[in-house]
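Contents: one structure, followed by commentary.
The values are calculated or read from the model by the stated rules, or taken from the named source; none is laboratory data. Owing to the predicted nature of the structure, the values given are computational and were not obtained by experimental measurement. Here the Cβ positions follow ideal geometry from the backbone for every residue, glycine too, while neighbour counts run over all protein chains shown.
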Amino acid sequence: MSERPKRRSTTKMVPMPSQAIIPERDVHDIPVLEARHLGIEFGGLKAVDDFNLTIGKTEIAGLIGPNGAGKTTVFNLLTKVYEPTTGAVLINGRDLHGLSIVQASKLGIARTFQNIRLFDKMTVEENVRIGLHNQIKYDMLSGILRLPRYWKQEKRQHEKAMELLDIFGMQDLADEVAGSLPYGVQRRLEIVRALATDPKLLLLDEPAAGMNPHETEELMENIAKIRDRFQIAILLIEHDMSLVMGVCEGICVLNFGRVIAKGTADEIQANPVVIEAYLGKKKEAAT
Amino acid sequence: MKLKRSTVDALTSYGIVIAAFVIAQLLISSGSMSRALQGQMIPICVYIVMAVSLNLVVGISGELSLGHAGFMSVGAFTGAIVSTWLLGAFNMENTTLRLLFAIIAGGLVAAVAGVLIGIPVLRLRGDYLAIVTLAFGEIIRSVVNCLYFSLDAGRLYVSFNSPDIPGKMIVSGPAGTKAIKTIATFPAGFVLILFTLFIVLNLINSRSGRAIKASRDNRIAAEAVGVNVTKYKMMAFVISAMLAGMAGALYGLNFSTFTAAKFKFDTSILVLVFVVLGGIGNIWGSIVAAALLTVLPELLRAFSDYRMLVYAIVLILVMLATNSPVLRGLFARLANLLRGKGADAPEKGGISRV
Ligand SMILES: Nc1ncnc2c1ncn2[C@@H]1O[C@H](COP(=O)(O)OP(=O)(O)OP(=O)(O)O)[C@@H](O)[C@H]1O
Ligand SMILES: [Mg+2]
């Protein structure tokens, strides 16, 4: 029997998230997002468990799954609304551990909300200007005393806001009160506001909810256009499968808080586990 | 050049305030304003500033504060002490200059109090914040009740809980201020209103003001686009405290003697009533409500014993009127007419609905 070593490393070794897939064009860049073993519990319920996802620099990715699967919770973990119980989130290689929502935003992550969260009483333009808060700045005193910097930056904000609103042809609505707009327009405004923060990763939580097929079609084209123009990554949650399959490159399927499949649209559509998760859901709905 | 609507609204506000001041001055100089009403001119200015500044916190920043009179108190005592000290120590005879310094000092000290109170208070939300601001208002009053200030040969003495300090007393605990020179003037109050409007309106229509409103409308969304919500709530709270302190200094220097009891919870609530009646977030409403409701008890003297009863009825009527869609529609059409846009232009934005 050989002599046992006096000291032993107590380091706990963990496997790194494998099976990461990203578009070929992005392999040479740092992934914009890396979620490693992400998990959170709410009173004993594991809403998200061992969630791993890597997104390439210019990828359009989809996050799908039945109702209550934990998709929105993943977004809340990525944007620091919740501090994860386990695991880590890396944005462009920077660990978000201990950071606030505001700090995460400054690192380049922006989102829209499933239940729209606009600044209802403010105008469309003001909503976008708030998105520009950290992009086109001036301090409080310049604002109160109306110093030259105020006029210059206000003008820049206005021009930039108009330019962004133009993505969805919304310039004419600039002076409308945000809360009075139709549902679909509000969803688009949320996207514009998020884009105003100059993100590297844009998270869209059910962007097509409440839109008619025609609007959804348009949205799909616009999502691709946004990626091409801003060269950013987009991760979207969506129940409309035609949109997901049409625009997403990599797709991640979540069920009961766990990833059950990852792959391209074709792979996901042919995956028996995914089909079962969705059919199972249908059966429940019927009862 | 086409001016922005907010700019037009702001200019209109200044114009109306200036016109009101000129009319009041004319009435006073022609002797057609009663002595009693003349005596109300400075308090009106003070309460307008109080209401507008509280509206910055309650309406624009969306936090219910029940301790606004506390900052007024800090400003009032600071102003009285600074004014007396400037006269005693530096022989500053010029009352305008003394008043100016007293108001600035009152604003600064109240702003510091605002920072100290804001740090713990703004961590709380909703009802908790309201209750804690109420407590702080009362704490300020209790502390001031134990403070003694005196002036001896140009030197200022302070003591806590004991009147054993040399020289002439300026502030003696629960008995309040002593023999302060009343140097407050109506024109000074008018300038303070303009100053307040300048700060508040310019703030609202700037990057910081939008961040304050965004934090009010949707905290999570504001944070998600990178707005530091706590910072902007603090900004609104401290500016509001500063303006209340300035109003307090003017108020204090209108009386040769006053006590901390003047700035009780009732006063905070009174100012809140002005804000609520004028419309939360509506700066104009605050001005009108504060002015009318400050003179109202004076105007109602004819009702003698029934004065407070009539006052209450008027409050209810005003509330009904400002909340009536018909009247609001009428006001909106009037406002549009004034802007020269025709009666059919839709009601939108502006200083009334920031
Ligand atoms: N703050 C919370 N406290 C307790 N439970 C929560 C909380 N947030 C989410 N959950 C639970 O976590 C689970 C996942 O919810 P989540 O909203 O992420 O689902 P989802 O996939 O977005 O569903 P949907 O498609 O309906 O939007 C649900 O069971 C939900 O009740
Ligand atoms: Mg969801």
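Points to keep in mind about this one:
- Any hit, the stretch A:77-86, residues being within 16 Å of ligand 2 (Cβ to nearest atom), crowded, with 21+ Cβ neighbours inside 10 Å and more than 9 Å from every other protein chain (Cβ to nearest Cβ): yes
- Condition met for residue A:206 (under 28 Å from residue A:56 (Cα atoms), within 16 Å of ligand 1 (Cβ to nearest atom) and in contact with a strand residue (DSSP E or B) (Cβ under 6 Å, 6 or more places away or on another chain)): yes
- Checklist (1) on the phi > 0 side of the Ramachandran plot; (2) away from ligand 1 (no atom under 16 Å from the Cβ) applied to residue A:257, failing item: (2)
- Unmet requirement for residue A:120, which otherwise passes all of (1) within 11 Å of chain B (Cβ to nearest Cβ); (2) closer than 23 Å to residue A:228 by Cα; (3) among the acidic types (Asp, Glu): (2)
- For the stretch A:161-195, the set of residues classified as more than 13 Å from every other protein chain (Cβ to nearest Cβ), in contact (Cβ under 8 Å) with a residue 40 or more places away in the chain and surrounded by 14 or more Cβ atoms within 10 Å (Cβ to Cβ) consists of A:165, A:167, A:168, A:170, A:181, A:187, listed by residue number.
- Residue match in the stretch B:72-82 (condition: surrounded by fewer than 19 Cβ atoms within 10 Å (Cβ to Cβ) and over 14 Å from residue B:181 (Cβ atoms)): no
- Residues being of a type in the set (D, E, K, R) and either in a loop (DSSP other than H, G, I, E, B) or in contact with a Gly (Cβ under 7 Å, 6 or more places away or on another chain) (or both) - total across the stretch B:225-268: 1
- Residue match in the stretch B:83-92 (condition: of a type outside the set (Asp, Glu), farther than 29 Å from residue B:163 by Cβ and either within 13 Å of the chain's Cα centre (by Cα) or modelled with pLDDT of 90 or more (or both)): no
- Which listed residue is over 13 Å from the mean Cα position of the chain (by Cα), of a type in the set (Ser, Thr, Tyr), over 22 Å from residue B:130 (Cβ atoms) and crowded, with 24+ Cβ neighbours inside 10 Å, from B:196, B:177, B:257, B:185: B:177
- Within the stretch B:142-167, being touching a residue at least 40 places away in the same chain (Cβ under 8 Å) and in a strand (DSSP E or B) holds for B:147, B:149, B:151, B:155, B:156.
- Among the residues of the stretch A:231-252, just one is of a type in the set (Val, Ile, Thr), within 16 Å of ligand 2 (Cβ to nearest atom) and at pLDDT below 95, namely A:244.
- For the stretch B:106-128, a residue qualifies if it is crowded, with 19+ Cβ neighbours inside 10 Å and over 17 Å from residue B:182 (Cα atoms), and the qualifying residues are B:107, B:109, B:110, B:111, B:113, B:114, B:117, B:118, B:121, B:122.
- Candidates in the stretch A:19-67 are the residues that are outside any strand (DSSP E or B) and without any contact (Cβ under 8 Å) to a residue 24 or more places away in the chain; of these, the one that is nearest to residue A:208 (Cα to Cα) is A:24.
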